[in-house]
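Take a look at the structure below.
The values are calculated or read from the model by the stated rules, or taken from the named source; none is laboratory data. This is a predicted model, so every value here is computed, not measured. Virtual Cβ from ideal backbone geometry, glycine too; neighbours counted across all protein chains shown. SASA here: full protein model, heavy atoms, side chains in, ligands and nucleic acids out. Shrake-Rupley method; radii C 1.70, N 1.55, O 1.52, S 1.80 Å.
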Amino acid sequence: MMADQQALTELAKRRGFFFGANEAYGGTAGFYTFGPEGAALKRNVESAWREQFTLRLGNEEIEAPTVMPEPVFEASGHLDGFDDMLIECAECGESHRADHLIEDAVADIEDAEALGVDRVEERIREHDLACPTCGADLAGEPVEDFNLMFETAIGPGAGQPGYLRPETAQGIFVEFPRLKEYARGQLPFGITQIGPAYRNEISPRRGIIRVREFTQAELEQFIDPEADEPPLDDVEDVEVTLYPVSEQHDDDGEYIETTIGEAVDDAIITSPWVAYFLGVAQGWYERVGVDMDRFRFRQHLSGERAHYAADCWDAESEIGGNWIEIAGFAYRGDYDLTKHGEHSEDRFTVFKRYDEPKTVERATVDPDMAALGPEFGGAAGDVADALQELAESDPDAFDGDEVTVEVSEASSDASGSRTQSSDDGETYTVDTEVANFSVEEQTENGEHITPHVVEPSFGVGRTVYTLLEHAYSEDEVDDETRTYLSLAPEIAPTDVAVFPLVSNDDALIDVASDLADELRAAGISVSYDDSGSIGRRYRRQDEVGTPFCVTVDQDGLEGDDETTVTVRERDSAAQLRLPVADLAAELEAIFDGDRAFADLQDRYDRVDTDVTTD
């Protein structure tokens, strides 16, 4: 049975998965606290992601600050282009995200963000949309871009302007000059990071799906675009459900069921690197328990794709009848490293050594500063630099008697007929003889290149929510309706629950307590519970997704040869009787994926019991 949002939210609060933060003070929209079960589930998802995308792929992990100075975001473009569409109600003053209003009201629009501000305003007028808060007409209200970053001050008083990071990626990009040293300057290499990011959402909604503080798990793969190829052979046979742009333009569009290899061969996915990570992600999502019948990869429309992304696909899960993004896979090119290189004084390149030295012709200048100084004053140094840049980019410009260069930010103004102002800066005319232009032969062992970046970026909170909804089930056990979460053992908050059958038998309690300690010592997470009927204890563990319950009963203590316990499997509610001496090893084999519970049924006796919650 599929869970609705209300049922899942109630279960999440009741069993300690997540709940609104600061409730004692009225709550704060867009912020959630993960309770004991939710924090454990989230940690397990992060650990599973780290094991796949850091360890198995041979990458390294860092942890960067969550507050970064303003110049970082000037370089990255976040100050100018990290916006959502805001519309404010003139009657009540409430602000709403305009594209979401359209998506909620118009059935055939899934992604209004791709429409742009002007078309969003048109759609609001066409459909006579009203304010969700007070019901006032919004048709005449303007839609504006709203920057999503949280601003702060670094240091006392006004301090240095800074921002809470809107993505973990920038913490990796700005450290590239040092990170490349740790990689010995060898491409390709990958850097991962798991941590919080912050976006000042206009209208947080749908629980932990759209919030203002969230956790990202990101990999930045740095590659030589001319030489590095992904190991597509590892994933070429992985079957995927794709929803490319070509199928999204009308209501008759269909999913394409194919393999990663075929998708690359048919140019459905244009970047082999993106295709590779889609294949890796497909296997990982299936492993942690996402329902693959409610999962797809959707290609970004041109209007929603970031300007730097050559191609971008989202992993999407179906939640409550709607599709939500849970990860993005982008080919970012050299945009990020180039921008940080331009705005900083550091080098965001790597030295690519040639197989053999090459003799090349290089255009160069040796300006006569004795002539440039009197002519251009304080701008002479900038003019000399501009001459060298022009020699490298357009050596034919030096064929005449004079050469013209443009300096965007000269050190000082220069006057005279050989200087002219323009909107882009100052233009300077220099005698070619003064520039001392020449072409020289040089032997080079390599060149500096700016790596390209491929980025798989996962939303941890949205993945947690997806796993909870996809795992939510109801059935009949012992003539009672029960709710349970069919979570994969690898990511379930607790591995095993240990019970004494009754709470007033000291012998049972002693054995159960000792057993719980032994399992913990073996690295198995354990919940000990002796409160209430055994049926109620089973139901509590079912609702938090605990895979196995171990019960110590009198029959197990009275055996002739060895102490035994019953082991109950969550999904089937089947119970087996196992010797205590075998228990830890059998459970560890199941959690490691070497064995299934069904395998134990061939070797141990089944226990038939009637359990109620009375």
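Just a few scattered comments:
- Restricting Gly535, Gly556, Gly545 to those that are at positive phi and open to solvent by less than 10 Å² (accessible area, probe 1.4 Å) reduces the list to Gly545.
- In region 47-99, the residues that are among the hydroxyl-bearing types (Ser, Thr, Tyr) and farther than 25 Å from Gly190 by Cα: Ser95
- The set of residues from region 433-457 being in contact with a Ser or Thr (Cβ under 9 Å, 6 or more places away or on another chain), open to solvent by less than 10 Å² (accessible area, probe 1.4 Å) and in a strand (DSSP E or B) comprises just one member, Val454.
- Answer from Thr270, Thr241 - the residue that is part of a strand (DSSP E or B), hydroxyl-bearing (Ser, Thr, Tyr) and out of contact with any Ser or Thr (no Cβ under 6 Å at 6 or more places or on another chain): Thr241
- Listed by position, the strands (runs of 3 or more DSSP E) contained in region 1-105 that have at least 2 residues being within 16 Å of Pro204 (Cβ to Cβ) are 18-20, 32-34, 83-88, 95-97.
- Of everything listed in (1) over 26 Å from Leu468 (Cα atoms); (2) at pLDDT 95 or above; (3) in contact with a helix residue (DSSP H, G or I) (Cβ under 6 Å, 6 or more places away or on another chain); (4) of a type outside the set (A, V, I, L, M), the single unmet condition for Thr563 is (2).
- Thr483 passes every criterion in (1) within 34 Å of the chain's Cα centre (by Cα); (2) modelled with pLDDT of 95 or more apart from (2).
- On inspection, Ala98 passes the criterion of being open to solvent by less than 20 Å² (accessible area, probe 1.4 Å), within 19 Å of Ala130 (Cα to Cα), small (Gly, Ala, Ser) and out of contact with any Pro (no Cβ under 7 Å at 6 or more places or on another chain).
- Pair list, Cβ < 7 Å and 6+ apart or interchain, from region 68-89 residues that are touching a residue at least 12 places away in the same chain (Cβ under 8 Å) to residues that are crowded, with 19+ Cβ neighbours inside 10 Å and among the hydroxyl-bearing types (Ser, Thr, Tyr): Met68/Tyr163; Glu70/Tyr163; Phe73/Tyr163
- Qualifying residue in region 473-487 (condition: open to solvent by 30 Å² or more (accessible area, probe 1.4 Å), in a loop (DSSP other than H, G, I, E, B) and out of contact with any Lys or Arg (no Cβ under 9 Å at 6 or more places or on another chain)): yes
- Of the set (1) among the β-branched types (Val, Ile, Thr); (2) open to solvent by 20 Å² or more (accessible area, probe 1.4 Å); (3) not in a strand (DSSP E or B), all apply to Ile172 but (2).
Listed here are the residues, each with its yes/no results for (1) in contact with a Pro (Cβ under 9 Å, 6 or more places away or on another chain); (2) at positive phi; (3) among the charged types (D, E, K, R); (4) open to solvent by 40 Å² or more (accessible area, probe 1.4 Å).
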site: Ala29; (1), (2), (3), (4): yes, no, no, yes
site: Glu60; (1), (2), (3), (4): no, no, yes, yes
site: Pro65; (1), (2), (3), (4): no, no, no, yes
site: Ala90; (1), (2), (3), (4): no, no, no, yes
site: Ile109; (1), (2), (3), (4): no, no, no, no
site: Ile124; (1), (2), (3), (4): no, no, no, no
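- Members of region 404-432 found to be part of a loop (DSSP other than H, G, I, E, B) and either at pLDDT 90 or above or on the phi < 0 side of the Ramachandran plot (or both), listed by number: Ser408, Glu409, Ala410, Ser411, Ser412, Asp413, Ala414, Ser415, Ser417, Arg418, Asp423, Asp424
- Condition met for Val120 (in a helix (DSSP H, G or I) and touching a Leu at 6+ places or on another chain (Cβ under 9 Å)): yes
- Positions within region 198-240 being among the polar types (S, T, N, Q) and either buried (at least 19 other Cβ atoms within 10 Å of the Cβ) or over 30 Å from Phe17 (Cα atoms) (or both), in sequence order: Thr215, Gln216, Gln221
- Counting only residues that are under 30 Å from Thr481 (Cα atoms), of a type in the set (Asp, Glu) and assigned to a loop (DSSP other than H, G, I, E, B), region 561-596 holds 1 of them.
- Residue in region 119-126 that is more than 16 Å from Met85 (Cβ to Cβ), among the hydrophobic types (A, V, I, L, M, F, W, C) and either at pLDDT 90 or above or in contact with a helix residue (DSSP H, G or I) (Cβ under 7 Å, 6 or more places away or on another chain) (or both) present: no
- Subset of region 495-518 (residues that are of a type outside the set (Phe, Trp, Tyr) and crowded, with 21+ Cβ neighbours inside 10 Å): Asp495, Val496, Ala497, Val498, Pro500, Leu508, Ala512, Leu515, Ala516
- Screening Tyr276 with (1) in contact (Cβ under 8 Å) with a residue 12 or more places away in the chain; (2) not in a helix (DSSP H, G or I) gives one miss only, at (2).
For every residue, the table says whether it meets (1) basic (Lys, Arg); (2) over 16 Å from Leu79 (Cα atoms); (3) open to solvent by less than 60 Å² (accessible area, probe 1.4 Å).
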| residue | (1), (2), (3) |
| --- | --- |
| Leu115 | no, yes, yes |
| Pro132 | no, yes, no |
| Glu141 | no, yes, yes |
| Asn147 | no, no, yes |
| Phe150 | no, no, yes |
| Pro161 | no, no, yes |
| Arg165 | yes, no, yes |
| Lys180 | yes, yes, yes |
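- Of all residue pairs spaced 6 or more apart or on separate chains, those with beta-carbon atoms under 6 Å, a first member in region 200-226 that is within 17 Å of Ala39 (Cβ to Cβ) and of a type in the set (A, V, I, L, M, F, W, C) and a second member that is part of a loop (DSSP other than H, G, I, E, B) and open to solvent by less than 30 Å² (accessible area, probe 1.4 Å) are Val211/Gly30.
- Entry remark, region 178-215: residues being touching a helix residue (DSSP H, G or I) at 6+ places or on another chain (Cβ under 7 Å), of a type in the set (A, V, I, L, M, F, W, C) and within 29 Å of His100 (Cβ to Cβ) number 5 in total.
- Meets criteria (of a type in the set (Gly, Ala, Ser) and buried (at least 16 other Cβ atoms within 10 Å of the Cβ)) for Ala267: no
- Residue list for region 519-535, restricted to those being in contact with a strand residue (DSSP E or B) (Cβ under 9 Å, 6 or more places away or on another chain), part of a helix (DSSP H, G or I) and either at pLDDT below 95 or farther than 21 Å from Gly16 by Cβ (or both): Leu519, Ile534, Gly535
- Tabulated pairs, region 1-26, first farther than 18 Å from Gly461 by Cα, second assigned to a helix (DSSP H, G or I), C-beta under 8 angstrom, 6+ apart or interchain: Met2/Glu469; Arg14/Glu543
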